[in-house]
Amino acid sequence: MVPLWYETVQVWPLSGNGKVDRQRLPVPRAGERGERVGARTAVEQLLVEIWQQVLGLERVGIEENFFGLGGDSIQSIQVVSRAQRAGLQLSTRQMFEHQSIAELAAHLQITAPPQSTGASLQPFALADMQPANVEALRLEYGNLQDLYPATPMQEGMLFHASLDEAAAAYTVQLHLSLHGALDVQALQRSWNWLAARHVALRSAFTNSQAGRKHQLVVDAVELPPAASVAVAATPIVMSAALATDIVSPAS
């Protein structure tokens, strides 16, 4: 990343083992970079208040960079969540594409925040798509059960996972050692039962016309057969199989 400003240090503070003691470095004087530009619209004022809350700052200018102020990817998701609750249709991707309040506000407007009525929603009631596009997804998947916008946390995770698919971001691999005979067919049936029981195992993601991520759910799915490695496989072969598995795209 390119620094937004530089701080002059006369002498590097060192720790007892001769390394730079980061705790003793001077705090960058971001507030001395010039006069801050205040909010000019209701959208800008709302974003200023949200940034101040999330970043723990007393003042924020509309032309200051979110990440330059110390923000990170997790805090960007917090900003998105608070903004959406306040009626701003903000996405995590927009936080990275437009990193100042002035730039963000030019692409946003305040709408009425969603109200909870306590009533159950019909399938597809939350889909932010044209009916024709929803119908196209129905035809593509055949057994589509529901469709709704992804949460800010999901959008953030998908964004970072797409930056480097080989890095297997947010993928957790669990190793289990089993002793005795293994009934592979029973194991396969168990996996399929879990998929039928839990919506998350029957979900995928797609984009709306506006580029917003949507989670789609099918009513039934059969997981692919379990891969197998020879019982006599060496540790090197096992490690290679596990390394291949963790970077394989989810079905």
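Derivation of every value follows stated rules applied to the coordinates shown; laboratory data play no part. Nothing here was measured: the structure is a model prediction, and the numbers come from that model. Every residue, glycine as well, gets a Cβ built from its backbone with ideal geometry; the counts of neighbours run over all protein chains shown.
General remarks:
- The chain - charge dipole about Cα centre, Lys and Arg +1 at Cβ, Asp and Glu -1, debye rounded to 20: 400 debye
- Taking the fewest neighbouring Cβ atoms within 10 Å as the starting point, the ordered list for Ile101, Ile246, Ile74 is Ile74, Ile246, Ile101.
- Computed from Cα positions, the angle between helix 235-246 and the longest principal axis of the chain comes to roughly 70 degrees.
- Principal-axis analysis of the Cα atoms of the chain puts helix 73-85 at an angle of about 90° to the longest axis.
- Selected from Pro13, Gln173, Ala150, residue furthest toward positive end of dipole (the chain; charges at beta carbon): Pro13
- Kirkwood-based Rg to Rh ratio, the range 42-150, C-alpha trace: 1.08
- Working note: Debye formula, equal point scatterers on the alpha-carbon atoms of the chain, no solvent; log10 I(q)/I(0) at q = 0.10, 0.11, 0.15 Å⁻¹ is -0.75, -0.85, -1.15.
- Separation of the range 169-203 from the range 72-87 is 34 Å, based on Cα centroids.
- The range 62-178 - charge dipole about Cα centre, Lys and Arg +1 at Cβ, Asp and Glu -1, debye rounded to 20: 380 debye
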